[in-house]
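Undergrad: Below: one structure in structure tokens.
Derivation of every value follows stated rules applied to the coordinates shown; laboratory data play no part. Values in this document were obtained by computation on a predicted structure and should not be read as measured data. Because the Cβ atoms are built from the backbone with ideal geometry, glycine has one as well, and the counts that use them run over all protein chains shown.
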Amino acid sequence: MNGAGTTMSSTQLIKPAEPSNYWLMQLSDRFLAAFALCLLSPLLAVIALAVVVGSGWPVLFQQERVGQLGRPFQLLKFRTMRTGKSGPTITARGDSRITGVGRFLRKFKLDELPQLWNVVRGEMSLVGPRPEVPRFVDMNNPVWRSVLQVRPGITDPASIAFRNEEELLAKAADPISFYEKSVLPAKLALNLAYLDRKCFWLDIQVILRTVWCAIVPGTQGIKETGI
């Protein structure tokens with residue numbers, strides 16, 4: 001992968017043919033995300049308070065990611081790292097920048113919950129290929145061209161299969177090189193397989209498996225997921 005530092009313009013991609021129920025799917029995503037935000041608002045408030053008490057402000061972390069058709073957007077997470085600490089764009093297990101509260105949030109994937117707002121805004125879907133930072137997106141790779149034809153998601157089969165990614169990166173001599181040469185190509189392959197089979201019931205399976213893996217961390221390792 002050659003990491004380009006700029007995002008892809010929409011003119012560089014062939015806009016995908018929208019299925020007949022495209023807008024219904026998008027509205028369903030937004031409605032479900034808004035409903036989840038309301039339902040989870042007490043939990044979100046508790047997490048926000050824990051972040052502030054544990055390491056101060058800000059509560060949220062924003063990072064530029066590459067979205068559908070290469071459009072950049074600001075992905076939201078609960079902040080899990082200390083402010084003012086620079087470091088690599090990927091995180092390995094044991095990273096000294098991670099706070100005590102952050103370790104707990106990352107273990108159960110609770111730091112990802114603010115991305116429900118990204119779904120409400122139409123930047124993401126509930127299920128879809130996870131969005132990458134610009135440096136890891138190869139603008140000329142046809143695989144990326146295919147993956148970027150759809151909205152990125154909060155979860156996908158690759159996220160489940162690589163749930164222990166931080167542990168793998170911690171074991172690598174060069175985590176960034178290992179991510180680019182080994183982890184990312186495997187994720188892209190899983191993304192293509194998912195997009196080839198994408199349907200409502202498959203997305204439901206992905207969501208249920210994601211919830212189960214969050215409740216029982218470590219139950220799903222890296223393997224070709226059967227989802």
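Undergrad: Could you work out the relative contact order of segment 145-221, using alpha carbon pairs under 8 angstrom and six or more residues apart, expressed as a whole percent?
TA: For segment 145-221, the relative contact order is 52 percent.
Undergrad: Taking segment 27-93, how much of its Cα-Cα pair set, in percent, is spaced more than 16 angstrom apart? All intermediate terms of the calculation are to be shown ahead of the outcome.
TA: Numbers: 1403 of 2211 pairs.
Cα-Cα pairs of segment 27-93 separated by over 16 Å account for 63 percent.
Undergrad: Shifting gears a bit: Dipole magnitude of the chain about its Cα centre, charges +1 at Lys/Arg Cβ and -1 at Asp/Glu Cβ only, in debye to the nearest 20?
TA: Numbers: 27 positive and 18 negative charges, 70 e Å.
I would put it at about 340 debye.
Undergrad: Treating only the Cα positions of segment 114-227 as identical point scatterers, give the base-10 log of I(q)/I(0) from the Debye formula at each q in 0.16, 0.22, 0.24 Å⁻¹.
TA: Those come out to -0.77, -1.41, -1.54, one per q.
Undergrad: Count the lysine pairs in the chain whose Cα atoms lie under 16 Å apart, taking only pairs 8 or more positions apart in sequence or on different chains.
TA: Details: Lys77/Lys107; Lys77/Lys109; Lys171/Lys181; Lys187/Lys198; Lys187/Lys223.
For the chain, the number of qualifying lysine pairs is 5.
Undergrad: While we're looking at this one, here's another question. In whole Hz, with x marking every Gly and Pro, tabulate ³J(HN,Hα) for segment 169-178 from phi via Karplus 6.51 cos²θ - 1.76 cosθ + 1.60, θ = phi - 60°.
TA: With coefficients 6.51, -1.76 and 1.60, one gets 5, 5, 7, 7, 5, 10, x, 5, 5, 4 Hz.
Undergrad: Can you list residues whose amide H is under 5 Å from Gly153's amide H, if they're 5+ apart or on another chain and H is modeled 1.01 Å from N?
TA: Amide H neighbours of Gly153: Ser125, Gly128, Arg130.
Undergrad: With the crude spin-label approximation of a point 7 Å out along Cα→Cβ, what separation in nm comes out for Trp117 versus Ala48?
TA: According to this spin-label approximation, the distance is 0.8 nm.
Undergrad: For the chain, what does the relative contact order come out to in percent, with C-alpha contacts under 8 Å and a separation of six or more? Please list the in-between numbers first.
TA: On the way: 327 pairs, mean separation 54.8, N = 227.
Normalised by residue count, the contact order of the chain is 24 percent.
Undergrad: Reported to two decimal places, what Rg/Rh ratio describes segment 137-192 when computed on Cα atoms with Rh from the Kirkwood expression?
TA: Answer for segment 137-192: 0.98.
Undergrad: Next up: Tell me the label only: which of (i) 18.2; (ii) 21.0; (iii) 18.8 is Kirkwood radius over Cα pairs in Å as calculated from this structure?
TA: Correct label, based on the coordinates given: (i).
Undergrad: For labels at Ala189 and Glu167 in the simple 7 Å Cα→Cβ model, what's the distance in nm?
TA: 2.1
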